[in-house]
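The values are calculated or read from the model by the stated rules, or taken from the named source; none is laboratory data. The model shown is predicted, which means the values in this text are computed figures rather than measured ones. Counting neighbours? That spans all protein chains shown, and the Cβs are built from the backbone with ideal geometry, glycine included.
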Amino acid sequence: MIKHDVLIVGSGLAGMRSALEVCKDLDVGLLSKVYPSRSHSGAAQGGIAAALGNSEDDSWEEHMFDTVKGGDYLNDQDAVEIYCQAAPRVIYELEHFGCVFSRTADGKIAQRSFGGHSKPRACFSADRTGHAILHALHEQVLKNAKSIKIYSEWYMHQLVVVEGRCCGVVVSNVRTGEVEVIHAKAVIFATGGYGRVYKITTNAFASTADGALAAFHAGVPLEDTEFVQFHPSGLYRQGILFSEAARGEGAYLLNGNGDRFMEEYAPSRMELAPRDIVARAEQSEIDAGRGVNGEACIHLDLRHLGEARIMERLPQIRQLGIDFIGVDCVNEPLPIQPSAHYSMGGIPTDMHGQVVVDADNTPMAGFFAAGECACVSVHGANRLGTNSLLEATVFGERTGRRALEYARSAEFAAFNEGHEKARVLKQIEEIFQRDGTESYNDIRNEMKEVMMEKCGVFRDADNLKSCIATIQGLQERHTKGRVTDKGRLFNTELYEIIELGNMLKMAEIIATTALARQESRGGHYRTDFPKRDDQEFLKHSLVYQSEDGMEIKSKKVIVTKYQPKERTY
Ligand SMILES: Cc1cc2nc3c(=O)[nH]c(=O)nc-3n(C[C@H](O)[C@H](O)[C@H](O)COP(=O)(O)OP(=O)(O)OC[C@H]3O[C@@H](n4cnc5c(N)ncnc54)[C@H](O)[C@@H]3O)c2cc1C
C-alpha cells in the first residue's frame, strides 16, 4: 500500500512550493505526469510581480489596485490584499533559494513594465523567468529528498472521497501501466491550466484539465470557468509565446497598414494595456481586414530596441523566432495572433488553499488546491501578466502550510481500495474494448477548432449554442474511437484518450458558463451583451455536475478597498 501524509499532484511552481512547506514536518508524495522540471511553469518567460520599488516608488496597495482593476472587479479583494503584501518577501525567498534574477546597474533585482501594471514591478531572469524559478525550487525539493518522494511520469486519474472527505487518489505508473491507490491524509492539486482545449495556445501538452475534471467528478463545483485569457502575442498559426516582456521593453504592435493601432483602443497605456483589451484590439483589426498582408495576424515590432538590448533582455524570444519561422526580430517584425493562455477559473478555494464546495465556503476536508488549477480568486475576470508565477508561489506556500496543519492532526481514512481501483481499471478496460473507427486526432482537432472559432476572444449566444452542440457530438464520437495500442507499458495513447475526454468535458463547461454570463467583463466578451452588468453579474459562477447535465449557481464577490468603477486605460 502506498501512503503519504500529504500527496501533491503537480510539480510546477505551486506543487513544488507547497511540497517545501509540508516537508518541514511531514512526509510528502509529489506526483507528476511529466518529469517535474518539464512542468509548464518552466516555460514562463516575462517575469514575476512584486512591489519592490527598485526602479520607481511602488507599494503593495498600488499592485492591489492594478490587479483588481485589471480583473474587472471580479477579484476577491481580501485574497488580493494578502497576496500583494506577500509578494516582496516571496521574491527574496526565491532569491535565497538560488533563483538568479536579472539586476540593475547597482546590483538590485531589476524590474520592468508589464501590461496593466502602473509601475515597473516584473522581476525577471532575462526572458526565462519560469525556468529559473522552477529549477531553483526543484533543487530545494531534491535537497529534501528524505521527506519528499517524487513520482515522475505517474498519471492521476481520480480522487478518493469517502463521506465528504478526500483521502487519496487513484493513479497509474505510466512506465509499467500499473494502477495504484495512494492513501493520504491530505491531497493538494497543483495541476495547472487547460489551454490545450484551444487550437491556438501557448500552453504545454500537459495542460489538459485533468485536475479540474477529477475535482468536478468528485462533486466539487468549478468557479468562473467562462474566463479564459487570450495572450496578445502568440506566434501566428502556432501559438508559441512571445512574452509580453517584449512590449514591456518597448516593442510596438502594428496592423497591416503599419499603424500602431492601440492608439484607438487604449491611448494612455497603448501596447501595455491589460491582455484582454489588447487581444480584442488585435482581433478587431484582423476581423476588419487590417491584418498583415490580409492574413489573421498582427506584427510585433522590436527592431527599434536594437540587438544589444534584445540579446540582454529577450534572447529566448529572438531564438524562438529564428528557430520556428526563420525570422530574426532584430531585423524583421514577428507575426502574432491572440492565443489561449491562461485559465482564470478553476477549483474554488479559500485564501488558505482549502477547496470549498459552495457559495458559503463549506470545505471539502482533506482537499486543497493551488496555482493555475485553483480559483482563489485573485485574478477576477482577467489576470495581469506576471501575477500567475506570483500566485503559484504565494498560494503554493499558504496551501502547503494549511495542508500541513490539517494533516498533523488527521488520521488516514479507511476505505475499500479494491473498489476505488476497480473504477479506473474499468474505465481503462472500456477504452481498450472500443473497436470504433473514429480518429482521436480528428476529434481533438475539431474540438480545438470550434472552441477557437465560437468560444474565443469574441462570443455570442448563437455561436456558443452551436459550439456546445458540436462538443456534445464529439463527446459521443469519443466513445467510438479507434484504439491502436492496447499494451500496458508506456501507453501514451491511452493517457491521451483520457486527457481528450477531460478536455471535451472542460470545453463544454467553458462554453456553458460563457453562455450563462450575459455581460462582458475581462476576458469574457459577448458581442450580444457588450457592457459589464454589475447589477446582475458582479458574482462568481459555480458550475456543478447534475443529473441532467450541469447546474450553474453563483457566489458573492468580496469587495473591500476598491468599489467597481468603469475600466478605462
Ligand atoms: C508560455 C507561457 C509563459 C508564461 N509566462 C508567464 C510569466 O512570465 N509570468 C507569469 O506570472 N505567468 C506566466 N505564465 C503562466 C504561468 O506560467 C502558469 O500559470 C503557472 O506557471 C502555473 O503553475 P502551476 O504550478 O499551477 O502549474 P504547472 O506549472 O502547469 O504544472 C502542472 C503540473 O501538474 C501535473 N499534472 C497535471 N495533470 C496531471 C495528472 N493527471 N497526473 C499527474 N500530474 C498531472 C503536470 O505534470 C505538472 O507537473 C506563462 C504561461 C505560459 C504557458
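For residues in the range 95-114 being under 17 Å from Thr386 (Cα atoms) and out of contact with any strand residue (DSSP E or B) (no Cβ under 8 Å at 6 or more places or on another chain), which is surrounded by the fewest Cβ atoms within 10 Å (Cβ to Cβ)? The selected residue is Val100.
Looking only at the range 187-213, how many residues end up being surrounded by fewer than 24 Cβ atoms within 10 Å (Cβ to Cβ) and small (Gly, Ala, Ser)? Adding up the residues that qualify gives 2.
Only one of the listed residues (Glu223, Glu263, Glu178) is surrounded by 23 or more Cβ atoms within 10 Å (Cβ to Cβ), away from the ligand (no atom under 13 Å from the Cβ) and modelled with pLDDT of 95 or more. That residue is Glu223. Restricting to the range 143-154, name every residue that is away from the ligand (no atom under 11 Å from the Cβ) and under 27 Å from Gly177 (Cβ atoms). Residues satisfying the conditions are Ala145, Ile148, Lys149. Looking only at the range 250-267, decide whether some residue is among the aromatic types (Phe, Trp, Tyr), outside any loop (DSSP other than H, G, I, E, B) and closer than 20 Å to Glu332 by Cα. Yes, the range 250-267 contains at least one residue that is among the aromatic types (Phe, Trp, Tyr), outside any loop (DSSP other than H, G, I, E, B) and closer than 20 Å to Glu332 by Cα. The single residue among His117, His131 that is more than 30 Å from Lys3 (Cβ to Cβ), in contact (Cβ under 8 Å) with a residue 40 or more places away in the chain, in a loop (DSSP other than H, G, I, E, B) and not aromatic (Phe, Trp, Tyr) turns out to be His117. Kindly indicate whether Glu446 is within 28 Å of the chain's Cα centre (by Cα) and either over 26 Å from Arg237 (Cα atoms) or among the charged types (D, E, K, R) (or both). Criteria met by Glu446.
May I ask you to list pairs of residues, at least six apart or on different chains, whose Cβ atoms are under 6 Å apart, with the first in the range 1-15 being at positive phi and the second being within 15 Å of the ligand (Cβ to nearest atom) and not hydrophobic (A, V, I, L, M, F, W, C)? Note: pairs meeting the criteria are Gly10/Thr191. Checking each residue in the range 50-108 for being closer than 23 Å to Gly522 by Cβ and of a type in the set (Val, Ile, Thr) picks out Thr67, Val68, Val80, Ile82.
Here is a yes/no grid of residues against (1) among the acidic types (Asp, Glu); (2) within 30 Å of Ile277 (Cα to Cα); (3) outside any helix (DSSP H, G or I):
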position: Met447; (1), (2), (3): no, yes, no
position: Lys465; (1), (2), (3): no, yes, no
position: Glu476; (1), (2), (3): yes, no, no
position: Asp485; (1), (2), (3): yes, no, yes
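Meeting the requirement of 3 or more residues that are polar (S, T, N, Q), no strands (runs of 3 or more DSSP E) wholly within the range 163-242 can be named.
For the range 417-434, check the following and say yes or no: at least one residue is out of contact with any Pro (no Cβ under 6 Å at 6 or more places or on another chain), more than 16 Å from the ligand (Cβ to nearest atom) and at positive phi. Among the residues of the range 417-434, not one is out of contact with any Pro (no Cβ under 6 Å at 6 or more places or on another chain), more than 16 Å from the ligand (Cβ to nearest atom) and at positive phi, which makes the answer no.
For Met1, the criteria (1) surrounded by fewer than 19 Cβ atoms within 10 Å (Cβ to Cβ); (2) at pLDDT 95 or above; (3) among the hydrophobic types (A, V, I, L, M, F, W, C) hold in every case but one, which is (2). Being within 23 Å of the chain's Cα centre (by Cα), more than 30 Å from Lys561 (Cα to Cα) and modelled with pLDDT of 95 or more holds for only one residue in Ile48, Ile150, Ile91, Ile82, and it is Ile150. Candidates are the residues of the range 268-277 that are closer than 23 Å to Arg128 by Cα and not in a loop (DSSP other than H, G, I, E, B); the one that is nearest to the ligand (Cβ to nearest atom) is Arg275.
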